[in-house]
Amino acid sequence: MTGGVGRRFRVQGPAKGLRGSVKVPGDKSIGHRALMFASLAEGRSTIQGLSAGLDNRSTAELFRELGVTIELGDEHAIVDGVGLFGLSMPKGALDCGNSGTTMRLVAGLLAGQRFGTRLIGDESLTKRPMRRIVEPLRARGAHIAGRSGDKEGEIYPPLAVAPLIEGEQLTALEYASPIASAQVKSSLLLSGLYAAGATAIREPVVSRDHTERMLGALGVPIQAVGPMVVLDPVGWDRRWSGFEWTVPGDISGAAFMFAAATMVPGSDVTVEGVGLNPTRTGILDALRGMRADLRFMPKGDAAGGEPSGDVQVVHRPLAATMTAGEMLTRMIDEVPAFCAIAATAKGRSDVRDAHELRVKESDRVATSAEVLEAFGVDCTELQDGLHVHGGARLEGARVASRGDHRIAMMAAVLGLVAHGETIVDDVECVATSFPGFADTLASLGADIVEEDSP
Ligand code: S3P
């Protein structure tokens, strides 16, 4: 894994104790939803703590194309919502950039409109599977199609959504999802805002529940019990008012700070104001299972009933552990960070039930294994995960991100504990979720810079 132009991280290891208190960008999942629900609200909403990452920017830009006025600051947005039935037909294709969440959620929303749209994305997004939303949306009467591609029967972007014609309405839907996916669940729930009857979804295990919490806080008739959620709009006036929300820090970004602090001896790091929604905190449970020293200072609820708090991590040698099933779903985006941590924990750590990792921004089972091996970590790639044999000496390496922000950040934190210099190429993608990542680590005392590739 070498080569590349553009930006790169240069890391000098091994680092000595990292210390201090940092903030991370706003939660990406919550930010997308806050922008969407503000666009569909009646009146003005103010969103504070919004990530400046490119994924949330893609969502904001897309809603502007749909006729919503959005004023974007560095970390806030003022949105003049148009109401559930106030979106207008865009002039051209709607660009979701690198963001799968934007494409899948917005597809559900657009399925209920009386104008047609086309959803496009970058090279990585264009390879991601869309049948998971296209089929259930069609089952309720949506006119949505995509492109055939690599895998037979799969549907890929671009997606075309044709309008519902006069007299047509999406129907009720009962859907047992074969995968635990908040993007699928949310896409169907958003289409359900326009449907004639209830949307009832059951998942194998509960995925992140931001959509349920946030819509519930806005007065939408939605109820969740374990892995079952029902949105029944019958008798509801299909409107909500503008709101003022603060987005908590992204636990998925914070995970790399937790990783750095647990991996580098002598560290004591606090991440302030992190989202602590229990459907997202699998990484903290995994760390507890590794006997990490974690301390919490709860700060009450942020945006739409989302719990948050400060998390302090004090270094202590870790034991190997295992993640699978329900816990794995609650840390699905944190597996690259977990793999880096596992590389320094003595013994074999296991990641199982992680098939979904193969269809993220990269095939994260394969790319995580590649990065671990580049640093000299003994690991085995499994169909649904990895075995990571941790505790051996790591050597600095030269690796590329494969266009995946979380793989770039994983390599950077491994570089902190490796001996010698590490170069991570093609790190522009980190801006999708964590602009300022290298500076944040450097502020804790890490020797890392982001620079132009020569
Ligand atoms: C997300 C859901 C997850 C996650 C993604 C964000 C969301 O994807 O990996 O980064 O905001 O709903 P799946 O729902 O496809 O597992």
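The values are calculated or read from the model by the stated rules, or taken from the named source; none is laboratory data. Note that the structure is predicted; figures quoted are calculated from it, not measured. Here the Cβ is made from the backbone with ideal geometry for all residues, glycine too, and neighbour counts use every protein chain on show. What goes into the accessible areas is simple: the full protein's heavy atoms, side chains included, and nothing from ligands, DNA or RNA. Shrake-Rupley method; radii C 1.70, N 1.55, O 1.52, S 1.80 Å.
Altogether, the Stokes-Einstein calculation at 20 °C and 1.002 mPa s, with the Kirkwood radius of the range 360-454 over Cα pairs as Rh, returns a diffusion coefficient of 156 µm²/s. Helix 405-417 sits at what angle to the longest principal axis of the chain, using alpha carbons and giving 0 to 90 degrees rounded to 10? Relative to the chain, helix 405-417 is tipped by roughly 20 degrees. Between Asp378 and Arg64, the simple label model (points 7 Å from Cα in the Cβ direction) yields a spacing of 5.4 nm. Extension gain for Met89 to Ser443 (0.36 nm times residue separation, less C-alpha to C-alpha distance): 122.9 nm. Our helix-only sum for the chain, with -39,500 (n - 2.57) per DSSP H run of n ≥ 4 divided by its residues, gives a mean residue ellipticity at 222 nm of -8500 deg cm²/dmol. Taking the Cα atoms of the chain, the ratio Rg/Rh between the radius of gyration and the Kirkwood radius comes to 0.97. Set against the 2.2 N^0.38 Å expectation for a compact globular protein, the range 150-244 has a Cα radius of gyration ratio of 1.18.
The angle between the Cα long axis of helix 335-344 and the main principal axis of the chain comes to about 10°, on a 0 to 90 degree scale. Beta-bridge orientation, the chain: approximately 75 percent antiparallel, per DSSP, counting only bridges with both partners inside.
Between Glu42 and Phe296, the modelled labels are 3.8 nm apart [label points 7 Å from Cα along Cα→Cβ].
Since only Ile30, Gly141, Ala160 are under comparison, the one whose Cα sits farthest along the positive direction of the charge dipole of the range 28-240, derived from C-beta charges on Lys, Arg, Asp and Glu, is Gly141. Got the relative contact order for the chain handy, in percent, Cα pairs under 8 Å and 6 or more residues apart? RCO, the chain: 21 percent.
Annotation: the antiparallel percentage among DSSP beta bridges lying fully within the range 290-370 is about 75.
In this rough spin-label picture, where each label sits 7 Å from Cα along the Cβ direction, the Asp150-Arg352 distance is 2.6 nm. To put it simply, the accessible area of the chain at a 1.4 Å probe is 49 percent carbon and sulfur. The spread of Cα positions in the range 28-240, taken along each principal axis and listed from longest to shortest, comes to 42, 41, 38 Å.
Computed on protein heavy atoms with a 1.4 Å probe, the accessible areas place Asp232, Asp74 in the order Asp74, Asp232, largest first.
Comparing Cα centroids, the range 159-224 and the range 94-108 end up 15 angstrom apart.
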